[in-house]
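Taking it in order: structure first as structure tokens, then the write-up.
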Amino acid sequence: MTQRDFAELPVQPLAANAGPEEGWLPVNMVNVLYTNPEAQTLDTELLGVPVQVRAVPIEYHWDLGDGNTITTTKPGEPFPSEQVTATYSHEGWYDITLTTTFAGQFSVDGGEWQDIDGTIEIASDPVEIFSKSLESRLVNSDVPVDEDTDPWIPARSPKTEGPRDPEATHREI
């Protein structure tokens with residue numbers, strides 16, 4: 001089994017999880033990033049012999065959509081963990097993409113697991129998130145707050161896309 005054979009198998013992208021379920025977070029608030037790092041086992045045949053291939057996630061590269069990136073060997077954990085996090089410094093819509101590096105192993109006809117030379121990278125579907133600037137304001141206490149419309153999140157359009165961070169960096173965790 002070669003790295004080329006490994007790359008041709010239908011290894012599935014890991015699901016990227018980012019931000020609150022509502023799909024938005026305040027500017028400068030911690031955005032928790034995580035995925036489920038389960039290995040995948042695939043069945044195939046080589047020259048008529050059954051072969052199992054195991055794809056094991058070993059590294060995670062997060063592209064935050066604003067120019068900032070993170071590479072880590074940690075899959076992250078759901079909130080309240082802050083194992084892998086980021087923040088946005090500007091308002092707007094961003095796409096967060098996770099690219100996972102998988103190492104491979106194979107077993108021929110139920111035999112011992114053997115390492116495959118090389119790795120493969122698989123990108124997740126992007127997670128859309130809106131970074132919202134929140135402002136304090138005086139309100140009329142006689143007017144009830146409408147929880148369904150506040151805070152208002154604009155529809156995604158070229159005008160509402162978040163800008164690139166002029167101080168973008170690549171971090172390794």
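The values are calculated or read from the model by the stated rules, or taken from the named source; none is laboratory data. Just so it is clear, the structure is predicted and the values come from calculations on it, not from any experiment. Note: ideal-geometry Cβ built from the backbone for every residue, glycine included; neighbour counts use all protein chains shown. Accessible surface areas use protein heavy atoms only, side chains included; no ligands, DNA or RNA. Shrake-Rupley method; radii C 1.70, N 1.55, O 1.52, S 1.80 Å.
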Please verify whether segment 8-27 includes one or more residues that are closer than 29 Å to Gly118 by Cβ, free of Cβ contacts under 8 Å to residues at least 40 places away in the same chain and under 21 Å from the mean Cα position of the chain (by Cα).
yes
Could you name every one of the strands (runs of 3 or more DSSP E) located completely within segment 61-173 that has at least 3 residues being modelled with pLDDT of 95 or more and either open to solvent by 60 Å² or more (accessible area, probe 1.4 Å) or within 17 Å of Pro26 (Cβ to Cβ) (or both)?
92-108, 114-123, 127-132, 170-172
Segment 39-60 - residue that is without any contact (Cβ under 8 Å) to a residue 12 or more places away in the chain and part of a loop (DSSP other than H, G, I, E, B) and, of those, least open to solvent (accessible area, probe 1.4 Å):
Gly48
Given the conditions (1) surrounded by 15 or more Cβ atoms within 10 Å (Cβ to Cβ); (2) touching a strand residue (DSSP E or B) at 6+ places or on another chain (Cβ under 7 Å), every one holds for Asp5 apart from (2)
Residue by residue through segment 11-27, note down the ones that are of a type outside the set (A, V, I, L, M, F, W, C) and at pLDDT below 95.
Gly19, Pro20, Glu21, Glu22, Gly23, Pro26
So Ser81 ticks every box in (1) on the phi > 0 side of the Ramachandran plot; (2) under 17 Å from the mean Cα position of the chain (by Cα) but one. Which box is left unticked?
(1)
